[in-house]
Amino acid sequence: QFQPFQYNALKQIQQFLNYPSVLTIFDNTWDFCNVEPSPFLTIVCYEDNVTQLHITGNNGVFPPSLPRNFSIDALFSSISSLSNLKVLSLVSLGLWGPLPATIGKLSSMEILNLSSNYINGFIPLELSYLNNLQTLVLDHNKFTGQIPHWVSSFNDLAVLSLKNNSLFGSLPSSISSSENLRVLAMADNHLFGEIPSLQNLTNLQILDLKNNYFGPSFPVLHHKVVTVDIRNNSFKSSVPNELNSYFQLEKLDISINELIGPFPPSLFSLPSINYIDISGNKLTGKLFQNMSCNAHLVLVNLSSNLLTGELPACLRENVEEGAVSYDGNCLSGEEGNQKPLSFCHNEALAVEVSPQKLRHKERKAMAVLVSSLVGGIVGLAVIVGLSLWVFQRRNRRAAMKGPSTRLITEKLSTVNTVKLISDA
């Protein structure tokens, strides 16, 4: 039979959520384990124990406003009494306040989804107590602070999604050891710095880091990745040739960065590719009409780069009208918004001299200048010293020869000293 404490917990959850319409069924039944599932409410039981609780409010669009006396601590205290809970999904319910420490009591938790709420503060340490966690989704909240290093401590973690929060700092290097990770989504935050090598994450399929400040080096990935979205970051390196071996890659979005060097056109013909956006970079390369393309391409955006040559015919044939963009390059035979060929050549030459090389040259030039100045000063000091030594020696000789001879010697010494200094 359904335990009374579970009934009380669910009724309290209904109360703390301000009696949302999706939970009105709670007023008419005791048998929660047999409630007909819907897109907004699903309760799953095993041996009369609640193991899954899914509540989605307001059609999953805009979270409702909870009253001022709402207590997220009280809500999770009631939830934590459901000790057999493995899946908890509270989406678009208007939850606000810091995620309480009582979350750590749900030791059986495997999937936690608290997306589209107003939960703020740091990601609490108590989450690390959920040793069985496989999926953590905290998207579209107001979490702040850094991504905790312990996120890699979950041995079975497959999905880590923290999109659209206010997280800052770098991606912890410990993420490189999350070998079971399939989805890594950190888009729309304030994260920056180099991305740790993800080459050992052989199960990683989706990398979504768009709208951050990551860079400057292109991320190192395993060739089995399916989606790479690093749009609108601070990547300034070249596109690695290894991308040609990403045979499972379906989506590549590297737009709005400062990537330089040649764009590998063989990406058009990868066996699984259907989406390519490289716009807003400084990528070079010559395209040809007879290049091959994957027949399943649905979008290709090459705009605002330094590409030359001709648009491949397969892009016109295989991709729907309006789904191919190529403005702002130097492609021949194309109408509208193409720059002259000289522009792309000059720009390509300019970006080859990277800021690091310029700084190196400046340092080298400064070193040569300083060395020359020091050498000149030392040389001048030696000359002046030698002149004074000659002057003093001749004075001594003049003293021995008499007053008239000394006067002539003094004049000669003065003239020679001035001449030496002048020559130096």
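The values are calculated or read from the model by the stated rules, or taken from the named source; none is laboratory data. Keep in mind the model is a prediction, meaning the values are calculated, not measured. Cβ coordinates were reconstructed from backbone atoms using ideal geometry, including for glycine residues, and neighbour counts include every protein chain displayed. For the accessible areas, the whole protein counts, side chains as well, though only heavy atoms, and no ligand, DNA or RNA atoms are used. Shrake-Rupley method; radii C 1.70, N 1.55, O 1.52, S 1.80 Å.
Of the listed pairs Lys236/Lys339; Lys105/Lys251; Lys11/Lys210; Lys86/Lys236; Lys163/Lys236; Lys105/Lys224, which have alpha-carbon separations greater than 31 Å here?
Details: Lys236/Lys339 23 Å; Lys105/Lys251 39 Å; Lys11/Lys210 40 Å; Lys86/Lys236 43 Å; Lys163/Lys236 23 Å; Lys105/Lys224 36 Å.
Violating the 31 Å limit, Cα to Cα: Lys105/Lys251; Lys11/Lys210; Lys86/Lys236; Lys105/Lys224.
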³J(HN,Hα) computed for each position of the range 272-286 - Karplus, 6.51 cos²θ - 1.76 cosθ + 1.60, integer Hz, glycine/proline x: 10, 5, 9, 8, 9, 9, 10, 5, x, 10, 10, 7, 10, x, 10
statement: With DSSP loop assignment and no more than 15 other C-beta atoms within 10 Å, the trypsin sites (Lys or Arg not before Pro) in the range 12-115 are Arg68
- request: Only Lys, Arg, Asp and Glu count, each charged at its Cβ (+1, +1, -1, -1), so figure out the dipole size of the range 115-235 about its Cα centre, rounded to 20 debye.
  value: 180 debye
- line: Expressed per residue, the solvent accessible area of the range 36-147 in Å² (1.4 Å probe) is about 44 Å²
query: Excluding Val151 itself, what net charge comes from residues whose Cβ is under 14 Å from its Cβ, given Lys and Arg +1 and Asp and Glu -1?
result: -3
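Which value, in debye to the nearest 20, describes the size of the charge dipole of the range 1-73 about its Cα centre when Lys and Arg Cβ atoms bear +1, Asp and Glu Cβ atoms bear -1, and nothing else is charged? Provide the component values of the computation, followed by the final result.
Numbers: 2 positive and 6 negative charges, 65 e Å.
Dipole magnitude for the range 1-73 comes out near 320 debye.
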- prompt: Got a number for carbon plus sulfur as a percent of the range 161-295's accessible area, 1.4 Å probe?
  reply: 48 percent
statement: re the range 21-125: pairs of Cα atoms spaced beyond 21 Å account for a percent value of 35 percent
- prompt: Long-range amide H contacts for Asn301: which residues qualify at under 5 Å (H placed 1.01 Å from N, peptide plane, sequence gap of 5 or more or a different chain)?
  reply: Ile276, Asp277, Ile278, Ser325
- request: Please list the non-local residues whose amide H lies under 5 Å from the amide H of Thr51, H modeled 1.01 Å from N, same-chain partners needing a gap of 5 or more.
  value: Val44, Cys45, Tyr46
- request: Can you check what the net charge comes to around Lys210, using other residues whose Cβ is under 12 Å from the Cβ of Lys210 (Lys, Arg +1; Asp, Glu -1)?
  value: -2
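Using a/c under 1.5 as the rounded threshold, could you call the range 66-194 rounded, prolate or oblate? The axes a ≥ b ≥ c are square roots of the C-alpha gyration tensor eigenvalues, and prolate needs a/b larger than b/c, oblate otherwise.
Numbers: a/c = 1.97, a/b = 1.25, b/c = 1.58.
Since a/c reaches 1.5 but b/c is at least a/b, the shape of the range 66-194 is classed as oblate.
Please calculate how many Å² of accessible area the range 178-336 carries per residue, with a 1.4 Å probe and no DNA, RNA or ligand atoms counted.
Working: 6710 Å² over 159 residues.
I get 42 Å² per residue for the range 178-336.
Report the gain in length on full extension from Ser177 to Ser332: 0.36 nm times residue separation, minus Cα-Cα distance, nm rounded to one decimal. Before the final figure, lay out each step's value.
Details: separation 155, 0.36 × 155 = 55.80 nm, distance 4.75 nm.
Stretched fully, the Ser177-Ser332 segment lengthens by 51.0 nm.
Based on Cβ point charges of +1 for Lys and Arg and -1 for Asp and Glu, what charge dipole magnitude is obtained for the range 172-326 about its Cα centre, in debye rounded to the nearest 20?
On the way: 9 positive and 14 negative charges, 46 e Å.
In total the dipole reaches around 220 debye.
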field: For peptides 97-104, 306-313, 34-41, 146-153, sequence by mean Cβ density within 10 Å, most packed first
entry: 306-313, 97-104, 146-153, 34-41
- prompt: So what is Rg over Rh here for the range 212-318, counting just Cα atoms and using Kirkwood for Rh?
  reply: 0.93
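Taking only the alpha-carbon atoms of the range 205-255, what semi-axes of the equivalent ellipsoid follow from 5 times the gyration tensor eigenvalues under a square root, in whole Å, largest first? Don't jump to the answer; show the numbers that get you there.
Working: eigenvalues 62, 31, 13 Å².
So the three semi-axes of the range 205-255 are 18, 12, 8 Å.
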